[in-house]
1. For region 47-96: of the residues being of a type in the set (S, T, N, Q), in a strand (DSSP E or B) and at pLDDT below 80, which is farthest from Thr111 (Cα to Cα)?
2. Just to be sure I understand, how many residues within region 12-46 are surrounded by fewer than 10 Cβ atoms within 10 Å (Cβ to Cβ) and at pLDDT below 95?
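The values are calculated or read from the model by the stated rules, or taken from the named source; none is laboratory data. Owing to the predicted nature of the structure, the values given are computational and were not obtained by experimental measurement. All Cβ positions, glycine included, derive from the backbone under ideal geometry; neighbour counts span all protein chains shown.
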Amino acid sequence: MRGRLDRWVLACALALGATGAVADSIRCGGYLVNTGDSQSRVLQICGEPQRAWQDGFIEQVVRQDGSYIVNPAPLNPDVRLRPPGYETEYRRVIPVYRWDYSFGPGTFLKTLIFHGDVLVNINDGPRQ
């Protein structure tokens, strides 16, 4: 029974590892670029990409309940909670940009994906 479980866990791990490689940082020279960095920081550290293009848009919806939480026995009696059911919805369209970096022969092509100005993903492409 233990052998089957070990083989099943190994098979699942291999299957998950076989999917596309995704990194959360890359090294440019002596510096690291991480997800969450801005486009200007990536340009400053890595320089101009080999290829850059806009790859569509995403729509972000933020719903915010208008009430706020205060101490159940507030020190200031003038502070009141807003009535329940008050909700605000914000929608915004964010451009998606993709930048390709090639760091030389024998290395993987790196595709950096930005939502607006923020780096959200780094994908490995084919070996160069």
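1. By that ranking, first place goes to Thr88.
2. 9
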